[in-house]
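The values are calculated or read from the model by the stated rules, or taken from the named source; none is laboratory data. Predicted model, so just to flag it, every value in this text is computed and none were measured. Neighbour counts run over all protein chains shown; Cβ positions are idealised from the backbone, glycine included. Please note that ligands, DNA and RNA were not included when accessible areas were found on the heavy atoms of the full protein model with its side chains. Shrake-Rupley method; radii C 1.70, N 1.55, O 1.52, S 1.80 Å.
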Amino acid sequence: MAESTILAAGRAFGVVGAGVMGTAVAKGLLDSGLVAADRVWATARTQATCDKVAARLGVAATLDYRGLVGTSGVILVGVKPWQIAGLAAALAEAGVPEDALLVSMVGGVSVERLESLLPGIWVRAVPNTPCVVGAGMTAICAGTRATAVHMEVARRIFEAVGKCEVVDEGYVNAITALSGSGPAYMYLVIEALVDGAVKVGLRRDLATRLVSQTMLGAARMVQETGRHPAALKDDVTTPGGCTIEGLLTMEDGGVRAALARGVQEATRVVESMGGK
């Protein structure tokens, strides 16, 4: 895809809040050739972080970004929820172009609130940290002024770092709790399985490689076969075998209910984040 379909001639791509996620998305765009380094600017909370971003990505990174806002066709916003009101005021003061696409990665902050703080063309996005290795899962939803063209630009941005789904905003809080927080749940499962393997005599480094590849392979089986996870589970579970014994032990420990309730509780917290 040509760069001109992401940025109109002479326009820049800004990253406000160049933390882990903002930097990962910018790197994905640069690596895929969707934007050129001389068209990207970034800002962060400290000069030290700006210096690291500049060195890593080869882009302009500065604390004082006010003079760059007006040149931008797309601005990616990756600040904390409690920072969004102050940032919106700063962007408005700096003169955000009326036709600029504003892409929010701010957890829990609704389109309605984003548009009330800074009227403009907003797309709300929920990425996750595997974007760092190009295996992210991002959901996006449209603001009231976002057109199909804006949504296509947003989708291309996040497809540079993984997969992207267009959803209704009503799903976004649950998606934040599921796929946004989901890597942490998976890491907990990996850690627990590795601990079990260490208990029965495997080296931790070997067990970690075995478990991580097994989880990756199981995920690909779900994605590529299109079969229900329960059916795939039954393929592994032979009568009287070790797998059914392990599964029943895990069920006795409430693993299934704990994971499901974890998503439920995380969703509840996300719903309260935007107003803080």
Note, segment 42-52: 3J(HN,Hα) by Karplus (6.51, -1.76, 1.60, θ = phi - 60°), whole Hz, Gly/Pro = x, goes 9, 9, 9, 6, 10, 5, 4, 5, 4, 5, 5
Listed residues Thr214, Thr71, Thr23; largest mean-square fluctuation, Gaussian network over the chain with Cα springs below 10 Å, found at Thr214
To the nearest 10 degrees, the tilt of helix 148-159 (Cα long axis) against the first principal axis of the alpha carbons of the chain is 50
For segment 56-103, the per residue accessible area (1.4 Å probe, Å²) is 44
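Counting only protein heavy atoms and a 1.4 Å probe, tell me what percentage of segment 154-276's accessible area is made up of carbon and sulfur.
Details: 5110 of 8290 Å².
Answer for segment 154-276: carbon and sulfur cover 62 percent of the accessible area.
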Percent of all Cα-Cα pairs per 10 Å bin for the chain, counting from 0 up to the last occupied bin, reads 6, 26, 31, 19, 12, 5, 1
Sorted by chain and then number, the residues having a modelled amide H within less than 5 Å of the amide H of Ala139, at least 5 places away or on another chain, are Val126, Glu165
Amide H neighbours of Arg145 at under 5 Å, excluding residues fewer than 5 places away on the same chain, with H built from the backbone geometry, are Trp122
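How large is the convex hull of the Cα atoms of segment 41-183 per residue, expressed in Å³ as a whole number?
Details: hull volume 15.7 nm³, N = 143.
Cα convex hull per residue, to the nearest whole number: 110 Å³.
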As straight-line cross-link partners of Lys27, the qualifying lysines (C-alpha separation under 19 Å, not fewer than 8 residues apart within one chain) are Lys52, Lys163
Note, segment 86-103: 3J(HN,Hα) by Karplus (6.51, -1.76, 1.60, θ = phi - 60°), whole Hz, Gly/Pro = x, goes x, 5, 4, 5, 5, 5, 4, 5, 6, x, 5, x, 4, 9, 6, 8, 9, 10
With the 1.4 Å probe rolled over protein heavy atoms, segment 121-173 has an accessible area per residue in Å² of 44
Rounded to a whole %, the carbon-and-sulfur portion of the accessible area of segment 81-148 at a 1.4 Å probe is 58
Placing +1 on each Lys and Arg Cβ and -1 on each Asp and Glu Cβ in the chain, then taking the dipole about the Cα centre, the residue among Met250, Cys50, Gly180 whose Cα reaches farthest towards the positive end is Cys50
Rounded to the nearest 10 degrees, the helix 204-225 long axis (Cα) sits at an angle to the longest Cα principal axis of the chain of 80
Contour minus Cα-Cα span, Leu210 to Met273, at 0.36 nm per residue, comes to 19.0 nm
proj_area_mean for segment 177-276 (convex hull on C-alpha atoms), units nm², value 8.2
Residues whose built amide H sits under 5 Å from the amide H of Val103, excluding neighbours closer than 5 in sequence, are Ile75, Leu76, Val77, Val123
With Cα coordinates, the longest principal axis of the chain makes an angle with the long axis of helix 182-199, in degrees rounded to 10, of 30
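Provide the gained length on full extension for the span Ala219 to Lys52, in nm with one decimal, where the gain is 0.36 nm per separating residue minus the Cα-Cα distance. Write down the numbers at each step before the final one.
Values: separation 167, 0.36 × 167 = 60.12 nm, distance 3.37 nm.
Gain in length upon complete extension: 56.8 nm.
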Taking a crude spin-label model, label points 7 Å out from Cα along the C-beta direction, the Ala192 to Ala258 distance in nm is 0.4
